[in-house]
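The values are calculated or read from the model by the stated rules, or taken from the named source; none is laboratory data. This one's a predicted model, so the numbers in the text were calculated from it and none came from an experiment. No Cβ is skipped: glycine too gets one built from the backbone with ideal geometry, and neighbour counts run over all protein chains shown.
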Amino acid sequence: MIDVKGLVKRYGNKTVLDGIDLSVAEGECLALLGHNGAGKTTFMKIVLGLVRADSGWVDILGGAAGRREARTGIGYLPENIAFHPMLTGRETLETCCRLKGRAAGEAGGLLERVELGEAADRPVSTYSKGMRQRLGLAQALIGEPRLLVLDEPTSGLDPMLRRRFFSIVEEFKGRGVAILLSSHQLTELEARTDRAAILRQGRLVAEGALSDLRRQAALPIRVRLRSESIDSIHDQLGGRRINGQSLELTCAHEDRIGFLRRLTELPVDIDDLEWGMPGLDDLYAHFDEQGGQRP
Ligand code: ATP
């Protein structure tokens, strides 16, 4: 659905995207991560055909970005979407349907889909930020897109609406829709995206599934133990005492199975164990600090 190789984009003498290789397959969700100004939106605009790359190979839905089939096959939610405040949600979405060459009647079902059915006939000026964001999502879903490009889609949504947003993402993925999204909410992406790509100053510094990124980063795993015999465990394994009965240890990623074996072989009872694998935020910080180095 997206296949990009050696993508370069410059604005003046500033290189905003520097040799990006990325692909997103049917039914896959790729999260694009990076600090402000890393190049996420620019990458999305190139996929959409709104911005032209300076060099590199760009194949979107089997051809050039921006051609008619690519435009009609993509649903796009921009970062800061604005609607006419005097139009109702329904009027707004009906207009978007017509602009995309679809029947205005499609609007009703989509408004229900994003739970704006009851507010559909109120002017957008009366909508909360989260409601406007959902209206933005509804317009991205017009016309059964094969690829969804969503720039910070969960900004402004409360935790319940975020969950519902990701259930919509799952539903579309299940139908084979490819999804490219950007977000700064790293924790919520962990269980909900297939792969993450980390951009730093226009360069791709890491890319892969969470398990791949963990393997590449090889960050230590934090383990917290509670036991009546914590002194004895501390004597044998070292670590940092937390309080009377708890101990915090770290174990190398590649030694995690051996570490578990050593724990189970201890001649004492362990009452509780917390296994703290590095999260996407730890991995992001790691790759961002490393900077510049390609995977
Ligand atoms: P954010 O998380 O803040 O949305 P981003 O990762 O989406 O950031 P981009 O919007 O792609 O970043 O911007 C990447 C860089 O390109 C920034 O330095 C930005 O100032 C620059 N840039 C983007 N559009 C233009 C433009 N039309 N002209 C000149 N510079 C631009």
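Looking only at residues of the range 248-270 that are in a helix (DSSP H, G or I) and aliphatic (A, V, I, L, M), we find that the one that is surrounded by the fewest Cβ atoms within 10 Å (Cβ to Cβ) is Ile257.
Contact annotation: residue pairs with Cβ atoms under 6 Å, 6 or more positions apart or on different chains, pairing a residue in the range 276-295 that is in a strand (DSSP E or B) with a partner that is modelled with pLDDT of 90 or more, are Gly276/Arg222.
Inside the range 22-52, residues that are over 15 Å from Ala196 (Cβ atoms) and charged (D, E, K, R) make up a count of 3. When the range 55-73 is limited to residues that are within 16 Å of the ligand (Cβ to nearest atom) and hydrophobic (A, V, I, L, M, F, W, C), the one that is farthest from Arg203 (Cα to Cα) turns out to be Ala65.
Out of Arg164, Arg203, I need the residue that is in the same structural domain as Leu48 (by TED's automatic domain parsing), basic (Lys, Arg), more than 25 Å from Arg71 (Cα to Cα) and touching a strand residue (DSSP E or B) at 6+ places or on another chain (Cβ under 8 Å). Which one? Result of the check over Arg164, Arg203: Arg203. Among the residues here, Leu249 does not qualify as within 18 Å of Ile230 (Cα to Cα) and at pLDDT below 90.
Could you identify the single residue in Arg146, Arg113 that is among the charged types (D, E, K, R), surrounded by 20 or more Cβ atoms within 10 Å (Cβ to Cβ) and more than 14 Å from the chain's Cα centre (by Cα)? Of Arg146, Arg113, the one residue that is among the charged types (D, E, K, R), surrounded by 20 or more Cβ atoms within 10 Å (Cβ to Cβ) and more than 14 Å from the chain's Cα centre (by Cα) is Arg146.
Checked against the criterion of being assigned by TED's automatic domain parsing to the domain that holds Ala53, touching a strand residue (DSSP E or B) at 6+ places or on another chain (Cβ under 9 Å) and free of Cβ contacts under 8 Å to residues at least 40 places away in the same chain, the range 241-255 has no qualifying residue.
Here's the yes/no breakdown for (1) in contact with a helix residue (DSSP H, G or I) (Cβ under 8 Å, 6 or more places away or on another chain); (2) surrounded by fewer than 17 Cβ atoms within 10 Å (Cβ to Cβ):
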{"position": "Ala197", "(1), (2)": "no, no"}
{"position": "Val205", "(1), (2)": "yes, no"}
{"position": "Asp235", "(1), (2)": "no, yes"}
{"position": "Ser246", "(1), (2)": "yes, no"}
{"position": "Asp272", "(1), (2)": "no, yes"}
{"position": "Gly276", "(1), (2)": "no, yes"}
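Considered as a group, the residues in the range 2-54 that are in contact (Cβ under 8 Å) with a residue 60 or more places away in the chain, over 26 Å from Ile81 (Cβ atoms) and assigned to a strand (DSSP E or B) include one that is nearest to the ligand (Cβ to nearest atom), and that residue is Thr15.
For Asp151, the criteria (1) surrounded by fewer than 20 Cβ atoms within 10 Å (Cβ to Cβ); (2) among the acidic types (Asp, Glu); (3) assigned by TED's automatic domain parsing to the domain that holds Gly63 hold in every case but one, which is (1).
Yes or no, residue by residue, for (1) within 16 Å of the ligand (Cβ to nearest atom); (2) over 30 Å from Asp3 (Cβ atoms); (3) assigned to a strand (DSSP E or B):
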residue	(1), (2), (3)
Glu94	no, yes, no
Ala103	no, yes, no
Met131	no, yes, no
Leu135	no, yes, no
Ala138	no, no, no
Ile142	no, no, no
Ser155	yes, no, no
Met160	no, yes, no
Val169	no, no, no
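Any idea how many residues of the range 233-254 are closer than 14 Å to Asp272 by Cβ and under 36 Å from the mean Cα position of the chain (by Cα)?
Of the residues in that region, 5 qualify.
Scanning the range 162-174 for residues that are closer than 15 Å to Ala138 by Cα and in contact (Cβ under 8 Å) with a residue 40 or more places away in the chain gives Arg164, Ile168, Val169.
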